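Each value in this text was obtained by applying a stated rule to the coordinates, not by laboratory testing. Remember, it's a predicted structure, so these values are computed and weren't measured experimentally. A quick note on method: Cβ atoms are made from the backbone with ideal geometry, for glycine too, and the neighbour counts reach across all protein chains shown.
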Protein chains: 2
Amino acid sequence: MKFSIQKDRLVGSVQDVLKAVSSRTTIPILTGIKIHASDDGITLTGSDSDISIESFIPKNEGEKEIALVEETGGVVLNARFFNEIVRKLPASIIEFETSSSFQTIIRSGHAEFSLNGQDADEYPHLPQIDDENVFKLPADLVKTLIRQTVFAVSTSETRPILTGVNWKIENGSLICTATDSHRLALRKTTAEGLPAGEYNVVIPGKSLTELSKILDDTNEPVEIVMTDNQVLFRSKHVLFFSRLLEGNYPDTSRLIPEEYKTKIELNTKEYLQAVDRASLLAREGRNNVVKMSSGESGTIEISSNSPEIGKVTEQVNSISSEGEELKISFSAKYMMDALKAIEGAEIDIQFTGAMRPFVIRPLHDDSILQLILPVRTY
Amino acid sequence: MKFSIQKDRLVGSVQDVLKAVSSRTTIPILTGIKIHASDDGITLTGSDSDISIESFIPKNEGEKEIALVEETGGVVLNARFFNEIVRKLPASIIEFETSSSFQTIIRSGHAEFSLNGQDADEYPHLPQIDDENVFKLPADLVKTLIRQTVFAVSTSETRPILTGVNWKIENGSLICTATDSHRLALRKTTAEGLPAGEYNVVIPGKSLTELSKILDDTNEPVEIVMTDNQVLFRSKHVLFFSRLLEGNYPDTSRLIPEEYKTKIELNTKEYLQAVDRASLLAREGRNNVVKMSSGESGTIEISSNSPEIGKVTEQVNSISSEGEELKISFSAKYMMDALKAIEGAEIDIQFTGAMRPFVIRPLHDDSILQLILPVRTY
């Protein structure tokens, strides 16, 4: 293998594939990045066997030469060192040359590194995915779907299926659901490009978090292919593979109450800041719990109490308030997570009692819903 | 105690005094910040008994009212909570009111906190420092003196005196010296404002680091008062006290060689970047050691070698090179620390042999000197 390449393009690609590389892998070769030079350009691959990322750098882009391949071939180089080295190289062009023993010379300006490489043929193959059932969504929508749901996945391995986000496609709409059994986040879209067929997969939360970091904030299409045990997201020059979680995702639709006894409309930001302030003292107490009560005047009160430190109370004016008076306690963290995920400037919260799950929605928008189970303190 | 105050001014002062507060103190009241309202304004105090910081907020500044004191008095409030609370309060004015049991109400907008306070009379008194021997230096010079030396203090308590920086004033010049016995940093100034008398103190490195964070990057004067066991730095509204280290600082002047066998002039940035690249592989080996050799051509070579990862060599052109050929090994970290402390674009390094300390100075500037002991590897 022998080629030269623009430094800035290589640095960008290394950053992308590095997101799949874990230092804690049990398969030694996966601590490396696979570099492959073909007649078309350079391909980098990183993987922790759950996630695999492949980034392609074409030889030319329009008139501009990005890489010059003199000899095709491949090698695997230690990911951490490779990343640090390429970022710190002095010149804008980097040359690579691998000998038969996989020793790889990296040259740039007056600096010359010689790294011990490994045989690229020993690197695990990426999943083979059939291109039959491809659908497309804009990159920024995919990022939003992830951001509004992934925080609610379970971090405990007690029920592994809950560490993923359920992506369910039917009747031309996609519903993304995450729950850790104390709260639930749901986001729905009927965007153009969704397939007519039915799909029901559970994508690990960690995979979606890493995918989100790689996608651009543009409406460029991302191609998505779902198989029985893998999902592939393909943007311009990057392939992102994730394994799927096995098992059936619980039916969460029956958790969402359809009626309410109290409904309160609030300014999202004012309410979020009041909960945030109350949580300052709640953190010391048990479970970061704050209390909320509504009176007849339309004002609600947020409060919290830590015997050692002190207490806090705050009045928040509601936009409107209807139904029964309410006293309820909930996790400030869950509430803040939910409010941050909602994009609307105004929300309504629908309660069906102090010990029943309650639902937060932006006003005039049915595409997103956040549900939280209260905590018993009153 | 009862007063109201501008939020932004209070937040700034809390940030300053918080730098002296440690959560690991053995004196419980020192986990708090002392707040005192007098007829002139509000004084905040934080201390870990080594460092004490006092910040004063005047009642008025010109025409502008900053604080309104209705009842003088004081209280001690938990530093961490107090800091988080004031930063997150909703309105631009904050009201304080302390009851006889030190319970303190903090009110802002619709939010009301009630914090358990402690008796301000129980808070340790700050050192009493006589104003007789005051001298002044510009704040930005004090910051530079600290930045160019403090990184070289020892982090080991084996010789406690070496954890401080020696400030020695004689004949109208101030010499700041720090050494961990593997390297030494020295910075000299003959700035106007230095006293005629002699002073020789050792200021804990940690104190100087915190002081540096509080001082502004301006040439506003800082008043300095040195006593037998305390030093006081006084800027506009902040008093910064530090205890001094006890004992005699070693005489380091005889460590600095006065002659050389090899002298090399280099571009600081090019040389620093080459050492940085070589250190990428050196980190894995023992002690982060890189090798440097000079030949007849005026080119020097930086190299490093890690049997498991690979090796690196880089040529750096010197501006000039005279004397014996050289092969030497040193800590890349010490070299990078020293080079970053030097402000000049060009340096010279004077060597007196592979196992003798060598000296780095900016060209045409005698005020700063960095000395490093080499490592035996050749």
(Q) Could you derive backbone 3J(HN,Hα) for region B:94-106 from the dihedral phi with the Karplus parameters 6.51, -1.76 and 1.60 (θ = phi - 60°), listing whole Hz in sequence and x where the residue is Gly or Pro? (A) 10, 9, 10, 8, 10, 8, 5, 8, 6, 4, 10, 8, 10
Q) By the scheme Lys and Arg +1, Asp and Glu -1, what is the net charge of all other residues having a beta-carbon under 12 Å from that of A:Asn317? A) -4
Q: Using θ = phi - 60° and the Karplus relation 6.51 cos²θ - 1.76 cosθ + 1.60, list the HN-Hα couplings for region B:214-225 in order, rounded to whole Hz, with x at every Gly or Pro.
A: 8, 6, 7, 7, 10, 9, 4, x, 10, 7, 10, 10
Q: Calculate the mean, over all residues of peptide B:104-117, of how many other protein chain Cβ atoms lie within 10 angstrom of the residue's Cβ.
A: 5
Q | Long-range amide H partners of A:Ala191 with built H, under 5 Å | A | A:Leu174
Q) What's the center-to-center distance, using Cα atoms, between region A:100-124 and region A:352-378 in Å? A) 56 Å
Q) Rounded to the nearest 0.05, what FRET efficiency do A:Thr377 and A:Lys88 have when you use their Cβ-Cβ distance and R0 = 56 Å? A) 0.55
Q: For region B:16-67, run through the GluC sites (Glu not before Pro) and keep only the ones in DSSP coil with at most 16 other Cβ atoms within 10 Å of their Cβ.
A: B:Glu63
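Which trypsin sites (Lys or Arg not before Pro) from region B:279-377 combine a DSSP loop assignment with at most 10 other Cβ atoms within 10 Å?
B:Arg286, B:Arg376
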Q. Taking H as built 1.01 Å from N, whose amide H comes closer than 5 Å to the amide H of B:Glu220, not counting residues under 5 places away?
A. B:Ala139, B:Asp140
Q.
Using a 7 Å offset from the Cα along the Cα-to-Cβ direction at both A:Gln103 and A:His182, what is the distance between the two label points in nm, to one decimal?
A. 5.6 nm
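Pairs of alpha-carbon atoms within less than 8 angstrom and 6+ residues apart define the contacts here; what relative contact order does region A:256-372 have, in percent?
32 percent
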**Q.** Rh by Kirkwood over Cα pairs, then Stokes-Einstein D for the protein assembly as shown at 1.002 mPa s and 20 °C, µm²/s
**A.** 69 µm²/s
Q. Ranked highest first by the average count of other Cβ atoms within 10 Å around their residues, in what order do A:235-242, B:211-218, A:252-259 fall?
A. A:235-242, B:211-218, A:252-259
Q: Divide the volume of the convex hull of the Cα atoms of chain A by its number of residues and quote the answer in cubic angstrom per residue.
A: 177 Å³
Q | Rel. contact order, % - alpha carbon contacts under 8 angstrom, at least six apart, chain A | A | 12 percent
Q. Looking at region B:153-208, which GluC sites (Glu not before Pro) are DSSP coil and have at most 12 other C-beta atoms within 10 Å of their C-beta?
A. B:Glu157, B:Glu192, B:Glu198
(Q) Spelling out what I want: for every residue of region B:134-139, take phi, set θ = phi - 60°, compute 6.51 cos²θ - 1.76 cosθ + 1.60 (Karplus), and round to whole Hz; glycine and proline get x. (A) 9, 10, 10, 9, x, 4
Q) With each pseudo-label sitting 7 Å past Cα toward Cβ, what's the A:Arg159-B:Arg283 distance in nm, one decimal? A) 4.2 nm
Q.
Can you compute the helix-only [θ] at 222 nm over chain A? Use -39500 (n - 2.57) per DSSP H run of at least 4 residues, normalise by all residues, nearest 500 deg cm²/dmol.
A. -5500 deg cm²/dmol
Q. For all pairs of alpha-carbon atoms in region A:134-253, what percent lies in each bin of width 5 Å, listed from the first bin to the last filled one?
A. 2, 12, 23, 27, 21, 10, 4, 0
(Q) Checking the cross-link filter: which lysines have an alpha carbon closer than 22 Å to that of B:Lys327, excluding same-chain neighbours under 8 positions apart? (A) B:Lys261, B:Lys263, B:Lys269, B:Lys291, B:Lys311
Q | Proximal aspartates and glutamates relative to A:Lys168, as straight alpha-carbon distance under 16 Å, when same-chain residues fewer than 8 apart are discounted | A | A:Glu192, A:Glu198, A:Asp228, A:Glu246, A:Asp251
Q) Given H placed on each backbone N at 1.01 Å, which residues far from A:Lys59 in sequence or on other chains put an amide H within less than 5 Å of it? A) A:Gly41, A:Ile42
Q) Once both labels are modelled 7 Å past Cα along the beta-carbon direction, what's the A:Asp366-B:Glu259 spacing in nm? A) 9.3 nm
Q. What are the nm distances, shortest first, from B:Gly247 to its equivalents in the other copies, labels at 7 Å along Cα→Cβ?
A. 5.9
(Q) Please compute the Kirkwood hydrodynamic radius of region A:1-148 from all pairs of different C-alpha atoms, in Å with one decimal. (A) 16.3 Å
Q.
Defining a contact as two alpha carbons under 8 Å apart and six or more residues distant in sequence, what relative contact order in percent does region A:147-233 show?
A. 26 percent
Q) Which net charge results when you count Lys and Arg as +1 and Asp and Glu as -1 among the other residues whose beta-carbon is under 11 Å from that of B:Lys263? A) -3
Q. Lysines within cross-link reach of B:Lys59: Cα-Cα under 16 Å, excluding same-chain residues under 8 positions apart?
A. B:Lys2, B:Lys7, B:Lys236
